[in-house]
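Chemist: Here it is, the structure, as structure tokens.
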Amino acid sequence: MIDLVLDPPVLVFGGPYSNLRALAALRQRAGELGIPASHCICTGDVVAYCAEPEETTQAIRDWGCHVIAGNCEEQLAAAAEDCACGFEAGSECDALAKGWYPFANARMSPESRAWMAALPRTLTIVAGDWTFRVVHGGVDVNNRFVFASQRQAIAEELERAGADVVIAGHAGVPFIERIGGRVWFNPGVIGMPANDGTPDVWYGLIGLEGSDLLLSTHRRAYDHHGAAAAMRRSGHANGYARTLVTGLWPSLDVFPPAERCAAGRRLRQRTVRVSLRARISVPANRAIIESSTE
Ligand SMILES: [Fe+2]
């Protein structure tokens, strides 16, 4: 079933994470690019680590972009006791979640919970000759972490998705990974830096040039000092407040070895061009051309 037919450009992003300032900066960028809310898609986790959960929820509703439910929306909609992020029990991430999740859960209005409960879990989109499946974590498991180095997991998920491109979130770092004729596109998150040693946050763009598909990742600077100060003012400062400034995550628990090694290394913005060389049903004949910028 197709949920949306969109004429690119389309802006995609993950995890606002209660970071009101970052979300405002992204909305501003969408405006600068002339991309309306109807062409902006969030892969979920509107609420998580930062200081303004209810305000960020209201801001994204006010913007009116598409949002699917992340594990955080599912848990907050049910006023559940934990975030169900998939952190290992006893890990640093798990310990931190015991701080930020109750903070957020105590601040959500009934209206915001109702809005979260009504969010779709996935979207299927068509743009030009291309099909896209929007998911939060994995196709069936909403809190599955999928990182660029996990080729086997990506291959499985792409097979399950049944689309040319999967747009995914949850993992928190941007990457574009091709397997066969299909592409896993994680545009990164807008609410937390990408553990690359810079405070910038990330979003993605989908474009078409003729029948070619252009997928790209972009960094966005914003008032990260203000976001960190808001955490301190709220009495909710923890390792993530420091992360907003340093660009380094408080824990690498969830990362596979390759991503751990990349910690603190400045990420490049990437553009991947995917060409249709034959019928869409013959994905192996698609050609991928890539360029990168700092
Ligand atoms: Fe998530």
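Chemist: Under 6 Å between Cβ atoms, at least 6 apart or on separate chains: pull out the pairs that start in region 70-91 with a residue that is farther than 17 Å from PRO53 by Cα and end on any residue that is more than 9 Å from the ligand (Cβ to nearest atom) and of a type in the set (D, E, K, R).
Modeler: Every condition considered, the pairs that remain are PHE87/ASP94; SER91/ASP253.
Chemist: So GLY86 clears everything in (1) out of contact with any strand residue (DSSP E or B) (no Cβ under 9 Å at 6 or more places or on another chain); (2) at negative phi except one condition, right? Which one?
Modeler: (2)
Chemist: Give the residue that is surrounded by the most Cβ atoms within 10 Å (Cβ to Cβ), with candidates limited to residues of region 79-122 that are of a type in the set (A, V, I, L, M) and within 15 Å of the ligand (Cβ to nearest atom).
Modeler: Ranking the candidates gives ALA104 first.
Chemist: Here's something else I'd like to know. If you take the residues in region 149-174 that are hydrophobic (A, V, I, L, M, F, W, C) and within 16 Å of the ligand (Cβ to nearest atom), which one is surrounded by the fewest Cβ atoms within 10 Å (Cβ to Cβ)?
Modeler: Applying the filter and picking the extreme gives ALA153.
Chemist: Looking at the structure I just gave you, is GLY138 within 16 Å of the ligand (Cβ to nearest atom) and surrounded by fewer than 23 Cβ atoms within 10 Å (Cβ to Cβ)?
Modeler: Yes, satisfied.
No lab work stands behind these numbers, since they all come straight from the coordinates. Quick caveat, the model's predicted, so the values are computed rather than measured. When we count neighbours, we look across all protein chains shown, and the Cβ atoms used for this are built from the backbone with ideal geometry, even at glycine.
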